[in-house]
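The values are calculated or read from the model by the stated rules, or taken from the named source; none is laboratory data. Predicted model, so just to flag it, every value in this text is computed and none were measured. Glycine gets a Cβ as well: all are built from the backbone with ideal geometry, and neighbour counts include every protein chain shown. Heavy atoms of the whole protein, side chains included, go into the accessibility calculation; ligands, DNA and RNA do not. Shrake-Rupley method; radii C 1.70, N 1.55, O 1.52, S 1.80 Å.
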Amino acid sequence: MKPRTIIDKIWDAHVVRRAPEQPDVLFVDMHLVHEVTTPQAFEGLRLAGRRVRRPDLTFATLDHNVPTWPRSQPVTDPISRRQIAALEDNCRAFGIRLEGLESRRQGIVHIIGPELGLTQPGMLIACGDSHTGTHGALGALAFGIGTTEVEHVLATQTLPLRRPKTMEVRVEGALPPGTTPKDLILGIIRQIGVGGGIGHIIEYTGSTIRGLSIEGRLTVCNMTVEGGGRAGIIAPDDQTFTYVAGRPYAPQGRLWDEALAYWQTLPTDPGAAYDRRVDVDAATIAPFVTWGTNPAQSEPVTGRVPDPSAVSDPAARRAIERALAYMALRPGTPIQEIAIDRVFIGSCTNSRLEDLRAAAQVVAGRRVHAGVRAMVVPGSQQVKAAAERERLDRIFTDAGFEWREAGCSMCLGMNPDILGPGERCASTSNRNFEGRQGPGGRTHLVSPPMAAAAAIAGRFVDIREWRA
């Protein structure tokens, strides 16, 4: 048999219909839903007189619109209140499991999927959110979809997709001291560009990837879409199997043995061909800070804001000029001279327990810089509870951080946690386009330790050398 990639293996195993010149129709093992992309989809089902085909393979949570202040306080924004109520009503009407505001399992959809064992190797997963590729860290093929596709999956438990090309991003070597998986994916995107993965599913391979924790792999796969990739995936290994074992929705007993035997067949066969390959040297990875308005516009923290006059390509020069105008930065400014107003540690990229531990190590015994407002938002109520058992919340609050309830929070301007016009934020989230964290807000993407250090120093600092 011809050698196949893990992408080919999972895709082929899920095809239920194939026809010339038509998209493949794929079976969806798990459909994750939240409050933002579902109201129209459920209304479409009602108008057509349809039911949810497989409510047992559909799982819902509230995350995007959820305020992260204490749950005892009401949801004040009328749009958010309506969207939350709509998902609650629709889940009751269609028999779908929902982790609501009072649930101890509520959280960001891409955090709770892995932590509950809903995400498993070999699965095909769909969700109405662009960062669904996160789940590929466990060896699943996971696609972000639009509202029309959400309705299609609800009605049929299938997803029509044209087969993308395949790309291998191979990373070799040890990550340098002071760098994190967030720096790694920022470095990859800096190398390939925001369009480098368009039309491809990306498999991340190599010794660096194998050496990452599961939490680190989730961070890398989460930002695949920022490099244009349709999905990202990392082949499962013993670390993956240990992570999944014993979680609430993981297989048990004989079913576990059968699942494990299948999962072990998934890694890419030796000699399998990809449509494209990119090599990344881990030694080139540094603590990165984005200076512009897309994740590829970054520099090492020791670098400077670029000068557009030094760029010969007119389109690239105009893009830099526009980004610098929006970000209110002067060419040549040292990254470490950029002062910040806000710090956000959270999002589906960097709000897991490992991320909070790393940030807490930096801030322990220190105080947030005067004039900086800093918040930590755990990715789920389970992450929050685990962090509180380790007293990480006390470390943050003693340092002057706000300790919040779980939700998407300041990753996007869709809830009360937003930037004001002109405010500059060191953020552990995944997107920095104009207005992402609030109209006129200026976002710099960094790792959790870098964000934590910026909160204490009031500006960006080199985490490798910094001492408060």
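Key figures
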quantity: Dipole of the chain [Lys/Arg +1, Asp/Glu -1 at C-beta], most positive-end residue of VAL383, THR284, PRO121; calculated: VAL383
quantity: Partner aspartates and glutamates for LYS165 [C-alpha distance under 15 Å; skip if fewer than 8 residues away on the same chain]; calculated: ASP8, ASP12, ASP24, GLU203, ASP275
quantity: Share of Cα-Cα pairs in segment 354-458 lying beyond 17 Å, as whole percent; calculated: 50
quantity: Calculated diffusion of the chain, Stokes-Einstein form, Kirkwood radius summed over Cα pairs, 4 °C and 1.567 mPa s, µm²/s; calculated: 57
quantity: Net charge over other residues, Cβ less than 14 angstrom from the Cβ of GLY117 (K, R count +1; D, E count -1); calculated: 0
quantity: Positive-end residue, segment 166-307 charge dipole about Cα centroid, Cβ charges, pick of ALA174, ALA235, VAL225; calculated: VAL225
quantity: Cubic angstrom per residue, convex hull over Cα atoms of segment 63-187; calculated: 172
quantity: Karplus-derived 3J(HN,Hα), 6.51/-1.76/1.60, for each residue of segment 188-200, Hz, glycine and proline x; calculated: 5, 5, 4, 6, 8, x, 5, x, x, x, 4, x, 10
quantity: At 0.890 mPa s and 25 °C, Stokes diffusion of segment 159-208 via Kirkwood alpha-carbon radius, µm² per second; calculated: 198
quantity: Highest to lowest packing among 66-79, 108-121, 21-34, scored as the average C-beta count within 10 Å; calculated: 108-121, 21-34, 66-79
quantity: Globularity ratio of segment 139-277, using Cα Rg and 2.2 N^0.38 Å; calculated: 1.14
quantity: Whichever lysines have a C-alpha closer than 24 Å to that of LYS384, once near sequence neighbours (fewer than 8 apart) are set aside; calculated: LYS182
quantity: Largest-first ordering by accessible area, 1.4 Å probe, given options GLU149, GLU465; calculated: GLU465, GLU149
quantity: FRET efficiency, ALA245 to ARG367 (Cβ-Cβ, R0 51 Å, nearest 0.05); calculated: 0.80
quantity: Ranked packing of 224-232, 432-440, most packed first, by mean Cβ within 10 Å; calculated: 224-232, 432-440
quantity: Mean shadow area of segment 229-303, taken as a quarter of the surface of its Cα convex hull (nm²); calculated: 8.6
quantity: Three-way shape label, segment 365-424, alpha-carbon gyration tensor, a/c 1.5; calculated: oblate
quantity: Cut-off under 5 Å, modelled amide H: who pairs with GLU99 long-range; calculated: ALA60, THR61, LEU62
quantity: Carbon plus sulfur fraction of accessible area for the chain, probe 1.4 Å, in percent; calculated: 51
quantity: Å² per residue, accessible surface of the chain at 1.4 Å; calculated: 38
quantity: Additional length obtainable on full extension of the chain from ASP56 to GLU390, 0.36 nm per residue less Cα span; calculated: 116.8 nm
quantity: Sequence-distant residues sharing a close amide H with THR166 (under 5 Å, placed H); calculated: ILE201, ASP275, ARG276
quantity: Ranked by how many other beta carbons lie within 10 Å on average, peptides 306-314, 90-98, 374-382 from highest; calculated: 374-382, 90-98, 306-314
quantity: Calculated diffusion of segment 44-120, Stokes-Einstein form, Kirkwood radius summed over Cα pairs, 20 °C and 1.002 mPa s, µm²/s; calculated: 156
quantity: Phi-based couplings in Hz for segment 451-456 (Karplus 6.51, -1.76, 1.60; Gly and Pro marked x); calculated: 5, 4, 5, 5, 4, 6
quantity: Share antiparallel - DSSP beta bridges, the chain, percent rounded to 5; calculated: 25
quantity: Whole-Hz ³J(HN,Hα) from phi, Karplus 6.51 cos²θ - 1.76 cosθ + 1.60, for segment 404-421, glycine and proline x; calculated: 10, 7, 6, x, 5, 6, 6, 4, 9, x, 10, 7, x, 7, 10, 7, x, x
